[in-house]
Amino acid sequence: MPSAGLEAGSNKVDVAIDLGNPLLNRTVDGFLKIGAVGACRVVAEDAFDCIHRGDISKRQLEETLKKMCKEGAYWGAVAGVYVGMEYGVERARGDRDWKNALIGGIATGALVSAATNNKGNKIAQDAITGGAIATAVEFINYLT
């Protein structure tokens, strides 16, 4: 179930979202977590640029907000698709192992590539890359 918490001193606020379906819960959780990371990356890069230049304007803040939304939505969507694919493969296979990450990564890489209007070999290359990254992360998690 997707959840988040905010803590300030002795005050703590927890938020949980239950969509009534484990697939939806995991997909939304992946979207929210990785989407937030994508948005934070934009903030960090733009803050560095502002410090480096030594100035900031309202227009720059508006552009940063737009980029935060765009990057957060993009990376959140990719993560949501991956988490949903991996969970679906796990349920279909009845096994929880690295092969689910491989298949989920391949499917996500191909789907995201096709959605961005890539063709043929580029889709296959992105599918292989997605599968390789997902499998590598799974093995690294296993080692730690």
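The calculated pair-distance distribution of the stretch 27-69 uses every alpha carbon pair, bins of 10 angstrom beginning at 0, and gives 28, 45, 19, 7, 0 percent.
One way to sum up the overall shape of the chain is the equivalent ellipsoid from its Cα gyration tensor, whose semi-axes run 31, 23, 14 Å, largest first. With the convex hull drawn around the C-alpha atoms of the stretch 97-144, the volume per residue stands at 46 Å³. Pairs of Cα atoms nearer than 8 Å and 6+ residues apart set the relative contact order; for the chain it is 19 percent.
Using C-alpha pairs below 8 Å separated by at least 6 residues, the relative contact order for the stretch 97-144 is 50 percent.
Each value in this text was obtained by applying a stated rule to the coordinates, not by laboratory testing. In this text the structure is predicted, and so the values were computed from the model without any measurement.
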